C-alpha cells in the first residue's frame, strides 16, 4: 500500500512529455544535472497539482504557495507567475491531458559550480520541472479507511526546519513514513514537539468528535490547500470546526477520522495504532465532506 497515494498503473505514462526549463522531453530522456541543487542538497520547493475535467484545481493557491516558499529560501524564480502557469497549461496540451492527471511541479535553486551548500556557488537560473502523469486515487481509498501509526519522528520547531515550507528536503517525513510502513501501516501520524497531534507524513489529519471536526493548530504543519478548503467548507455548511491542540487520547476516542491532500482529496481513516476509529471506515461526516469537496472543485477549481 501507498496510503492515499496508492494508484493504478497507467501505460499512457510511459510516453508522456516532461517540461524541463521550458523544453519538452520524452519521459526516458528527461534529466537534470548531477550538479543540480535539488539533487545535491534537496534545495528547492515543489507543489502537487490535480487536473479535474480540464481544470487545474486551486491553481492560484498552489502557485502562490510555491512563490512564497521560494521567497522564504531567498530563491529568485526568474519567471512570473503567469509565465509558469502558461508552462503548466502548455505541457498538459502537449500531452493531450484533460482529466485524472497529477502534476508534480518542482523548482530547485539551479546548477552549482561544485557540490557545496552555499547558494552563492549556483551558476544557473532555477531548474523548473513539470511532470504530468495519469494518476487518480483508487476508489477504495475513499471508502475503506486507512491505517495510521504514530511515529516517534516529530514535526519540529520552525527555527530548525520550518514545517510551513514545502521544500524538497523531506527526510523527516520520509523517516516517519518508513517507520509506519515497517509497522504495517499506510501512513505515519506525527506529533508536534509538545506531544500534541500535528499531521501525517504526507497528508493533513482530522478527527470528528460529537459531530465537531478537529484538526491541529497548524503551527507544525504545511499550510495545506485541501486542509484549508475543508475548514472553509465546514464553516460554509455550519459544521463546527476547530483548529486546536489535542492528544492521542482524543484521537483514539474519535467518532471518525480522515486525512486530506491534493491527490486523494478527503480519505477516511480506519485504525490508528491498532485502535479502530468509529466503524473502521467512512463515516457520515467524512462522506458529506467528500461530496462537498468534489462540488467545490467543480465550482471553484
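The values are calculated or read from the model by the stated rules, or taken from the named source; none is laboratory data. Just so we're clear, the structure is a prediction, and the values are computed from it rather than from any experiment. So basically every Cβ, Gly included, is an ideal-geometry build from the backbone, and we count neighbours across all protein chains shown.
Hey, could you check the stretch 130-165 for residues that are assigned to a helix (DSSP H, G or I) and over 17 Å from residue 203 (Cβ atoms) and say which is modelled with the lowest pLDDT? Let's see the steps before the verdict.
The initial filter retains those residues of the stretch 130-165 that are assigned to a helix (DSSP H, G or I), namely 139-142, 158-161.
Those left that are additionally over 17 Å from residue 203 (Cβ atoms): 139, 158-161.
On the way: 139: 86, 158: 94, 159: 94, 160: 91, 161: 90.
This residue is 139.
Only one of 84, 49 is in contact with a strand residue (DSSP E or B) (Cβ under 9 Å, 6 or more places away or on another chain), more than 30 Å from residue 144 (Cα to Cα) and touching a residue at least 40 places away in the same chain (Cβ under 8 Å); which? Spell out the reasoning first.
Numbers: 49 fails: more than 30 Å from residue 144 (Cα to Cα).
One residue alone meets the criteria, 84.
So for the stretch 189-199 (the condition being at pLDDT 95 or above, buried (at least 19 other Cβ atoms within 10 Å of the Cβ), more than 16 Å from residue 241 (Cβ to Cβ) and touching a helix residue (DSSP H, G or I) at 6+ places or on another chain (Cβ under 7 Å)), does at least one residue qualify?
For the stretch 189-199, residues at pLDDT 95 or above, buried (at least 19 other Cβ atoms within 10 Å of the Cβ), more than 16 Å from residue 241 (Cβ to Cβ) and touching a helix residue (DSSP H, G or I) at 6+ places or on another chain (Cβ under 7 Å): present.
Could you go through the stretch 70-83 and let me know if any residue there is on the phi > 0 side of the Ramachandran plot and within 18 Å of the chain's Cα centre (by Cα).
Residues of the stretch 70-83 that are on the phi > 0 side of the Ramachandran plot, as a first pass: 74, 78.
Now drop any that are not within 18 Å of the chain's Cα centre (by Cα), which leaves none.
Scanning the stretch 70-83, I find no residue that is on the phi > 0 side of the Ramachandran plot and within 18 Å of the chain's Cα centre (by Cα), so the answer is no.
Among the listed residues 59, 84, 41, identify the single one that is out of contact with any helix residue (DSSP H, G or I) (no Cβ under 6 Å at 6 or more places or on another chain) and under 30 Å from residue 268 (Cα atoms). I'd like the intermediate steps shown before the answer.
Numbers: 84 fails: under 30 Å from residue 268 (Cα atoms); 41 fails: under 30 Å from residue 268 (Cα atoms).
The match here is 59.
Among what's in the stretch 10-46 and is in a loop (DSSP other than H, G, I, E, B) and without any contact (Cβ under 8 Å) to a residue 12 or more places away in the chain, pick the residue that is farthest from residue 121 (Cα to Cα).
First pass over the stretch 10-46, keeping only residues in a loop (DSSP other than H, G, I, E, B): 10, 16, 21-22, 30-35, 42-43.
With without any contact (Cβ under 8 Å) to a residue 12 or more places away in the chain added as a condition, the list becomes 31, 34.
Working: 31: 21, 34: 15 Å.
Per the criteria, the residue is 31.
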